[in-house]
Amino acid sequence: MAAPTPFASLPSSFTSRFPGGRLTSHASLSVRHLHLPRCSRTASCSPERVEFKERHGQGEVLAAGSKGLIAMEYAELDLVDKVCYEVGHVRIRPHVNPLNSFFTVPVEVPDWNLVFKDAKLPLMVDIGCGSGRFLLWMAKRNTDTGNYLGLEIRHKLAKRAEHWVGELGLHNIHFMYANAMVSFQQLVSVYPGPLTTVSILCPDPHFKNKHRKRRVVQKSLVDSIVKELAPGGQIFIQSDVLDVALDMRSQFDARSKCLEHVNVSHPTIQCDEEGWLLSNPMGIRTEREIHAELEGARIYRRLYQKRSGNS
Ligand SMILES: C[S@@+](CC[C@H](N)C(=O)[O-])C[C@H]1O[C@@H](n2cnc3c(N)ncnc32)[C@H](O)[C@@H]1O
């Protein structure tokens with residue numbers, strides 16, 4: 001049986017408090033969006049995966065490898081891996097160095113009214129979105145209630161994701177080839193609607209001490225996120241590398257004047273003794289998450305909410 005997501009167990013007072021309550025209507029949209037009323041399953045037991053497991057057994061799930069599991073997890077998107085002549089073959093390369101001068105030029109900010117059908121809808125930004133499947137899945141589920149922006153520093157990944165947007169005929173999602181460390185603030189500060197969700201999921205770990213400055217979560221990005229997020233808006237972070245998760249966590253925990261972890265405001269949301277969320281609140285796993293879990297890794301997750309009265 002599917003374990004409930006943390007948000008599925010929220011008391012009704014939680015959702016009913018939003019419209020006229022302490023938090024803004026932006027917050028209401030954001031929480032509803034993460035509350036995922038249309039998807040109560042946890043990410044690790046997608047129907048496709050459960051069905052596959054029942055038919056073939058755990059051995060074959062392992063044999064399917066992460067590529068097979070990703071295909072199952074995202075079956076409803078029905079995307080073709082090798083896409084088109086323009087994009088060509090997408091080879092996953094080792095981490096890029098975002099501090100390289102090549103990546104330090106800010107991207108041009110598009111006219112959001114031309115990008116999205118309704119540029120006033122609440123916006124979710126996924127920083128380091130990789131292939132973009134995760135965000136495409138979110139956008140497809142919420143076509144009328146939210147806009148989605150994926151920022152990715154590897155050009156071909158962003159280009160292929162944008163190609164998929166066209167294939168799926170979605171008007172509420174956009175992918176950009178951008179270094180989030182350089183361009184996040186400019187991009188979101190002129191977005192006409194509220195920024196309600198930011199996700200940073202399994203960012204590149206840059207293990208060596210001398211390379212830690214290349215990690216995407218740096219003070220300047222945290223400052224920008226906290227500044228631009230609407231009151232009640234949420235920040236979801238996760239990593240399969242404890243050191244990376246702790247590094248991100250310490251930077252967001254340090255902003256406790258503006259941010260609180262969701263289990264403080266909503267005690268029914270469960271964390272373990274160390275404060276990591278017990279399950280994935282998004283209803284779908286990212287590709288890196290699938291791969292890491294297949295290898296037996298644990299995913300460390302935190303979900304922050306911007307305090308109301310902080311704009
Ligand atoms: C390990 S992958 C994780 C991808 C996806 N979030 C997932 O969980 O499957 C990290 C991604 O972040 C991208 N990335 C790294 N630094 C970035 C930056 N400064 N700005 C935008 N994207 C970045 C990488 O190119 C890579 O695709």
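Read the figures in this text as sums done on the coordinates, not as results from a lab. Keep in mind that what you see is a predicted model, and the values were worked out from it rather than measured. All Cβ positions, glycine included, derive from the backbone under ideal geometry; neighbour counts span all protein chains shown.
Descriptive notes on the structure:
- 3J(HN,Hα) from dihedral phi, the range 244-259, Karplus parametrisation 6.51/-1.76/1.60, rounded to Hz, x for glycine, proline: 5, 4, 5, 5, 5, 4, 5, 6, 7, 4, 5, 9, 5, 5, 9, 10
- Separation of the residue 186 and residue 220 label points, Cα + 7 Å toward Cβ, nm: 1.2
- Local charge for residue 272 was computed over the other residues whose Cβ lies under 12 Å away, with Lys and Arg +1 and Asp and Glu -1, and equals +1.
- Efficiency of FRET from Cβ geometry, residue 107 and residue 76, R₀ 30 Å, rounded to 0.05: 0.45
- With the highest mean first, a sort of the peptides 144-153, 158-167, 223-232 on other beta-carbon atoms found within 10 angstrom per residue produces 144-153, 223-232, 158-167.
- Net length gained if the chain between residue 114 and residue 260 were fully extended (0.36 nm per residue, minus Cα distance): 49.1 nm
- Gyration tensor over alpha-carbon atoms, the range 65-306, equivalent ellipsoid semi-axes in Å: 25, 21, 20
- Residue 280 long-range amide H proximity, modeled H, under 5 Å: 43
- Inter-label distance, nm, simple model (7 Å from Cα along the C-beta direction), residue 156/residue 276: 3.3
- Annotation: extensible slack from residue 250 through residue 208 equals 13.3 nm (criterion: 0.36 nm per residue apart, minus Cα-Cα distance).
- Percent of Cα pairs exceeding the 23 Å cut-off, where the set is the range 157-250: 34
- ³J(HN,Hα), Karplus 6.51/-1.76/1.60, whole Hz, each residue of the range 282-294, x for Gly, Pro: 8, x, 7, 9, 7, 5, 5, 5, 4, 4, 5, 5, 4
- The Cβ shell under 15 Å around residue 253 holds other residues with a net charge of +4, Lys and Arg each +1, Asp and Glu each -1.
- Restraint check, 120/140; 67/140; 140/213; 117/159; 219/306; 227/257, Cα-Cα greater than 24 Å: 140/213
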